[in-house]
Structures are given as C-alpha cells and as structure tokens.
Ligand SMILES: C[S@@+](CC[C@H](N)C(=O)[O-])C[C@H]1O[C@@H](n2cnc3c(N)ncnc32)[C@H](O)[C@@H]1O
C-alpha cells in the first residue's frame, strides 16, 4: 500500500523504534482492532505496525508515544468516562460527537468506532497531518473513516490558541 503522505522522503531517521512491539497476548485490544476492524491478517499485524512506526519515527518531531509503541495502549480509551462516552455515542440516532485533540494516528477514535460509534461523529485533529495519514495507513480505513472526519488542525498557524486545553483532552 502506497503511503499517502510525504513522510518517507524525510531523512535521516531521527528516532528509531525503541523496543519491540509491546502489546500483550493474542487477544490484546490492539490485535483485535487491527485484525477485526482493519482486516490485517493475524500473521502480518506486527510487521504492519512496525512499518508504520518506522515511517513515523523519521518525522522531525517523533513522539515517544509512537517510537515506544505506547499508542497501542489506547490510553484515551482508558479514561474513566470511556463507557459513558461510548454510551452517548452509540445511542440510536445520537447526535453526540467526540473530538480527540492531538489524536496522532487516531487510534483512540478508531477504538470508539470499533466499539460501535458512528465514524461520522468521531473527529481527530493533530498538529501533524503526516500522523493522520499514517493513521489511515495503519488502520486501513480510508474508505470507512471519511477524510472529513480527520481535520488537519490549524493550531500551528496561530500564535496563541484562543482557549487552552490539555494536550490530549477528549471532548
Ligand atoms: C504524546 S502524543 C499523544 C497521542 C495520543 N493522543 C495518545 O494518547 O496516544 C501528542 C500528540 O499531540 C499532537 N500535538 C501536539 N501539539 C498539538 C497542537 N497544538 N495541536 C494539535 N495536536 C498537537 C502531536 O502531534 C502528537 O501526535
């Protein structure tokens, strides 16, 4: 699958992946998501993840949550309100929406989608559109997770945000 961003042309690799893919067990959330939602064959899950992380690690601003594979822990979905948020998102005809600010690959909103939230009500923004693009590649869902659901934030073009939110706030 061809990458849909320019990251592969960025040299040199500034932060190679730090350790092996650390998600536990055959039934981990990451494996369930990638196999059942993304359709990645069981035997290719690890190499698929590694290929994305290698590309992302070449970014000039390689976040440790990527290079340490911490994004596979889906920390946003471990929020105490996860079930409440999911309930509101999955109620029939719900108009509730979720915005993940600083979503990186968008792994947390993919988890909400996997658990039944309508993708048209899920939004992710990130400083770097390259990470959003790699998210589509990682989760193999360009056709299901409409491009309009992933907003390229313009925050980096502002000198000061009008409202300060903690970096990973889920609204
Ligand atoms: C530490 S990572 C966390 C990613 C993800 N939320 C998670 O929990 O795994 C921080 C992310 O926030 C993004 N970010 C940093 N500053 C931002 C800003 N001003 N606006 C939007 N995204 C930002 C980064 O590009 C990066 O993807």
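Most exposed first by the Cβ proxy, i.e. fewest other Cβ within 10 Å, how do 55, 46 rank? Show your work: numbers first, answer last.
Details: 55 21, 46 16.
The order, fewest Cβ neighbours first, is 46, 55.
Efficiency by 1/(1 + (r/R0)^6): what FRET value for residue 70 and residue 36, r their Cβ-Cβ distance, R0 = 30 Å, to the nearest 0.05?
Efficiency computed from Cβ-Cβ geometry: 0.85.
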- Item | For the stretch 57-140, the spread of Cα positions along each principal axis, largest first, Å | 42, 23, 20
- Task: For residue 90 paired with residue 120, estimate the spin-label separation in nm (one decimal), with each label point 7 Å from Cα along the Cα-to-Cβ line.
- Result: 2.0 nm
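No lab work stands behind these numbers, since they all come straight from the coordinates. Just so we're clear, the structure is a prediction, and the values are computed from it rather than from any experiment. Cβ atoms come from the backbone with ideal geometry, glycine included; neighbour counts cover every protein chain shown.
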